[in-house]
Each structure stands twice: as C-alpha cells, then as structure tokens.
Amino acid sequence: MPLTPVEKIWMDGELVAWEDAKIHVLSHGLHYGTGIFEGVRAYETKRGASVFRLDDHVRRFFRSAHIHQMELPFSPEEIAQGIKETVAANGLATCYIRPLAFRGYGEMGLNPLLAPVNVSIAVWPWGAYLGEEGLENGVRVKVSSWKRNDHNMLPPSAKASGQYVNSALAKVEAIKGGYDEAVMLNIHGYVTDGSGENVFIVRDGVLYTPPLSAGCLDGITRDSVIAIAKDLGYEVREKELVRADLYTADEGFFSGTAAEVCPIREVDDRALGANGRGPITKEIQQTFFAAARGEIDKYQRWLGFVNE
Ligand code: PPE
C-alpha cells in the first residue's frame with residue numbers, strides 16, 4: 001500500500017516535517033538490520049483518537065531493546081507521550097503508528113554498541129492490511145518453505161528489524177505463488193506466525209493458537225483476542241499446531257496490529273470448513289473492532305486517549 005504522507009514525524013524527541021525525517025545512508029541499522037520497532041494503531045472513539053494498548057506496545061518496545069542490548073535514550077513515559085504527540089500533531093483519529101529505534105550513523109562494522117541509537121515515531125493512514133475483501137471473506141494462505149527464526153538464531157519475541165528479512169522471504173514466496181499471506185513453521189515443523197500476524201484456528205467451538213515457545217511474537221492483538229474469546233465464553237488453548245491442523249480447521253484467522261482480526265479462508269489450496277469468515281471469527285472480529293473503538297465498557301482499559 002503506498003504511503004500517504006502526513007505532516008510530522010517525531011525524530012529523537014522533536015517533531016520534524018515528514019520530508020525532513022531523513023537519515024544517512026551509512027546508518028548502521030540500514031546495513032545490518034540493527035533496529036527494533038513497534039506497530040501500533042489508533043482508532044477513533046467518542047473521546048477522540050485512542051491508541052490501542054499503548055502501554056503494552058511501549059513495554060514490548062523496551063523488551064525488544066533489552067534483548068538486543070540497545071539502551072534507549074528515552075524513558076517509556078517519553079515514548080508513550082511521543083506517540084500521543086505524533087498522532088495529535090497530524091490530526092489523525094485513525095492511523096497506524098510506527099515507533100522505531102535503530103543504530104545510527106557514526107560507525108561501521110558489526111559491533112552495534114559503538115553506533116548511536118536514534119528513535120523515531122511515524123504515523124500514517126493504513127487501511128485493511130490484507131484488503132477489505134480479506135477482512136470480510138478471508139484470505140488465501142500458503143505454508144512457507146521458509147522456516148521462522150528460531151529462538152537461538154534471532155529471538156522471535158523481540159520485534160527486531162533484521163528479523164523481518166525472514167518474513168519478507170515468506171511474504172514474497174506467498175504473493176508470487178498467488179496467495180495473500182504466508183504462514184511460517186518453526187524448524188521442528190510446528191506452526192508459528194504469518195509474516196506479520198499471529199495465527200488462530202477454531203475446531204469444535206474451541207480456539208487454538210500456538211504457544212509462544214513455538215517461536216511466535218507475543219502479539220498484543222493475540223492477547224486481546226484471547227481475552228475477548230474467553231469473555232465470550234469460548235475455551236482458548238495454546239497448543240502446538242501442525243500444517244494439517246490448519247487444513248482441517250473449522251475456521252481460522254490472523255491477529256495483528258496491522259492485520260487486525262482477519263479470517264483465513266484457505267491454506268495451501270484447502271478450504272477451511274467455513275470457506276470464508278466463520279461465525280466465531282466474525283464474532284471475535286466485531287468485538288475486537290468495537291473494543292478498539294471504545295464501544296465496550298469492559299475493554300476501556302485498553303484505550304489510550306490522545307487528548308487526555
Ligand atoms: N507476528 C509477527 C511476526 C508480527 O510481525 C506481528 C505484528 C504479530 C505477530 C502480531 O503482533 P501484534 O501487532 O502485537 O498483535 N506485525 C506488525 C508489522 C506489520 C508490518 O507489515 O509492518 C504489525 O502488525 O504492526
């Protein structure tokens with residue numbers, strides 16, 4: 001999806017014009033992928049723009065930095081404030097938010113500790129990640145021939161820039177094969193994540209999702225979905241899944257900040273039972289959107305109002 005430029009980007013604590021948010025070509029992170037980032041969304045509510053689960057995203061940002069031994073020159077409160085400021089400065093009620101910390105300009109060679117750490121926060125309007133049609137009728141998925149990064153290769157619990165080269169290989173393979181999205185297995189053959197989403201299936205009214213130990217990102221949407229599903233009275237089990245579990249599921253869906261809650265219609269050309277958006281998926285999807293838009297009282301704890 002092409003970017004729609006907005007007014008301002010937060011760079012190292014200052015709001016600068018979108019077109020001035022530039023870095024040097026010899027920035028360490030550009031060469032070696034030495035950065036960590038977040039993907040966050042703001043939704044329009046009756047009380048104005050609300051950043052969904054802001055504190056949880058900021059916490060994960062700092063966990064990723066800790067794993068990669070990047071000392072961030074800002075506090076969690078400053079990053080949370082920076083996110084709100086950037087949304088407000090651009091006058092957007094509904095948008096995607098990308099906080100990024102990367103090793104900057106000044107040193108080459110692998111040792112990242114010698115390079116400075118720069119932090120930016122950008123926002124832009126981002127519609128349905130896997131398409132409006134996908135949100136409504138489900139997407140077609142391919143199990144990738146690329147395995148997802150293992151715990152002892154690139155820790156999958158950190159949201160690190162370089163990690164996404166692995167996701168990009170899977171995404172390109174899926175797209176070139178005529179599919180909408182990839183699902184990656186781990187080196188032992190168990191299901192992990194989509195290129196940028198967590199995976200759920202439904203069988204006999206029970207939801208299943210792989211455990212984090214399989215090598216999934218600790219998704220914040222995944223956590224929201226688990227809470228919503230339980231509140232709706234469904235059982236949720238974290239269980240290792242193999243590809244045939246996907247083929248034979250009644251329903252399936254992705255969860256992610258960008259992808260939101262997006263039904264899976266087919267995996268490797270096998271239609272899931274629902275062959276579209278299943279009823280439980282639809283119920284969870286609708287509840288998720290209503291929660292993010294501040295329409296459900298018990299999920300008010302997930303809202304971070306920009307103007308308050
Ligand atoms: N797994 C992976 C590999 C992943 O990248 C994401 C988010 C998730 C699961 C879901 O996590 P959460 O957003 O906390 O529910 N992927 C981000 C980047 C997408 C992109 O194309 O860029 C996102 O959704 O913001």
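Some observations on this one:
- Among the numbered conditions (1) within 9 Å of the ligand (Cβ to nearest atom); (2) surrounded by fewer than 22 Cβ atoms within 10 Å (Cβ to Cβ); (3) assigned to a helix (DSSP H, G or I), the only one that Thr221 does not meet is (2).
- Of all residues in region 195-218, those satisfying the criterion of being open to solvent by 10 Å² or more (accessible area, probe 1.4 Å), away from the ligand (no atom under 11 Å from the Cβ) and either within 23 Å of Arg140 (Cβ to Cβ) or among the β-branched types (Val, Ile, Thr) (or both) are Arg203, Val206, Tyr208.
- Hits in region 68-86 (condition: open to solvent by less than 70 Å² (accessible area, probe 1.4 Å), in contact with a strand residue (DSSP E or B) (Cβ under 8 Å, 6 or more places away or on another chain) and part of a helix (DSSP H, G or I)): Ile79, Gly82, Ile83, Lys84, Thr86
- Cβ separations smaller than 6 Å between residues 6+ apart or across chains give the following pairs from region 210-228 residues that are closer than 29 Å to Gly294 by Cβ to residues that are open to solvent by 10 Å² or more (accessible area, probe 1.4 Å) and of a type in the set (D, E, K, R): Leu212/Asp218; Ile220/Arg53; Ile220/Asp56.
Per-residue answers, yes or no, for (1) touching a residue at least 24 places away in the same chain (Cβ under 8 Å); (2) part of a helix (DSSP H, G or I); (3) in contact with a helix residue (DSSP H, G or I) (Cβ under 6 Å, 6 or more places away or on another chain); (4) closer than 19 Å to Ala160 by Cα:
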| site | (1), (2), (3), (4) |
| --- | --- |
| Val25 | no, no, no, no |
| His31 | yes, yes, no, yes |
| Ala88 | yes, yes, no, no |
| Leu113 | yes, yes, no, yes |
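- Conditions (1) β-branched (Val, Ile, Thr); (2) within 13 Å of the ligand (Cβ to nearest atom); (3) more than 25 Å from Thr281 (Cα to Cα): number failed by Thr192: (3)
- Filtered residues of region 227-252 (kept if in a helix (DSSP H, G or I) and hydrophobic (A, V, I, L, M, F, W, C)): Ala227, Ile228, Ala229, Ala244, Leu246
- Matching residues, region 165-185, being without any contact (Cβ under 8 Å) to a residue 24 or more places away in the chain and within 11 Å of the ligand (Cβ to nearest atom): Asn166
- Test set (1) among the hydroxyl-bearing types (Ser, Thr, Tyr); (2) assigned to a helix (DSSP H, G or I); (3) open to solvent by less than 30 Å² (accessible area, probe 1.4 Å) - Ser255 fails condition number: (2)
The values are calculated or read from the model by the stated rules, or taken from the named source; none is laboratory data. Keep in mind that what you see is a predicted model, and the values were worked out from it rather than measured. So basically every Cβ, Gly included, is an ideal-geometry build from the backbone, and we count neighbours across all protein chains shown. We work out accessible area using only protein heavy atoms, side chains counted, and drop any ligands, DNA or RNA first. Shrake-Rupley method; radii C 1.70, N 1.55, O 1.52, S 1.80 Å.
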